[in-house]
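The values are calculated or read from the model by the stated rules, or taken from the named source; none is laboratory data. Small disclaimer: the values here were computed from a predicted structure and weren't measured. Note that we place each Cβ from the backbone using ideal geometry, even for glycine, and neighbour counts take in every protein chain shown. With ligands, DNA and RNA removed, areas are computed over all heavy atoms of the protein, side chains included. Shrake-Rupley method; radii C 1.70, N 1.55, O 1.52, S 1.80 Å.
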Amino acid sequence: MGTSHAHTAVRGLTVLYDANCPLCVHLRHWLLRQRALVPLDLVPAASPEARRRFPGLDHSGTLEEITVIGDGGQVYRSTAAWIVCLWALAEHRAKAHWLATPSGAPFARVTVLAAAKYRRLTAAPCDAASGCEAPPASH
């Protein structure tokens, strides 16, 4: 799935998402409602918390595309990040495995491209003035 540490087992994932993107925030809430096989920690991209946890990461890049970091240092971006998020979920692991195959890859890529286009049309910029903090999750 395009990791920098391909042979390290993943026992937890941190999802960096754009807190100023309505679609991203919606997906954050959706992820929080799912039963996870691998714990997901959702952190606003380029936020003080993200910068503290991952000082060596290109934080401006995390605002351009979804980025997921595994607890072993694995970094997933774009399509691989979406697939690893699905892989972490009980009800979607089989779909994630299929999306990672040559047959499923075109579907994964089209989904990511469509989401990116929607995001560009709806997201407010994340900067010092507007901040990057997410609204609290509704329970």
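With 2, 61, 72 as the choices, which residue is open to solvent by 20 Å² or more (accessible area, probe 1.4 Å), within 21 Å of residue 108 (Cβ to Cβ), modelled with pLDDT under 95 and touching a Lys or Arg at 6+ places or on another chain (Cβ under 9 Å)? Sole residue among the options that is open to solvent by 20 Å² or more (accessible area, probe 1.4 Å), within 21 Å of residue 108 (Cβ to Cβ), modelled with pLDDT under 95 and touching a Lys or Arg at 6+ places or on another chain (Cβ under 9 Å): 2.
Out of all the residues in the range 25-58, which are open to solvent by 40 Å² or more (accessible area, probe 1.4 Å) and of a type in the set (S, T, N, Q)? Scanning the range 25-58 gives a single hit, 34.
Just one of (1) in contact with a helix residue (DSSP H, G or I) (Cβ under 6 Å, 6 or more places away or on another chain); (2) exposed (fewer than 15 other Cβ atoms within 10 Å of the Cβ); (3) not hydrophobic (A, V, I, L, M, F, W, C) fails for residue 18. It is (2). Among the candidates 101, 67, the residue that is open to solvent by 20 Å² or more (accessible area, probe 1.4 Å) and hydroxyl-bearing (Ser, Thr, Tyr) is uniquely 101.
So which of 53, 28, 77 ends up being over 21 Å from residue 112 (Cα atoms), in contact (Cβ under 8 Å) with a residue 24 or more places away in the chain and among the charged types (D, E, K, R)? Answer to the selection: 53.
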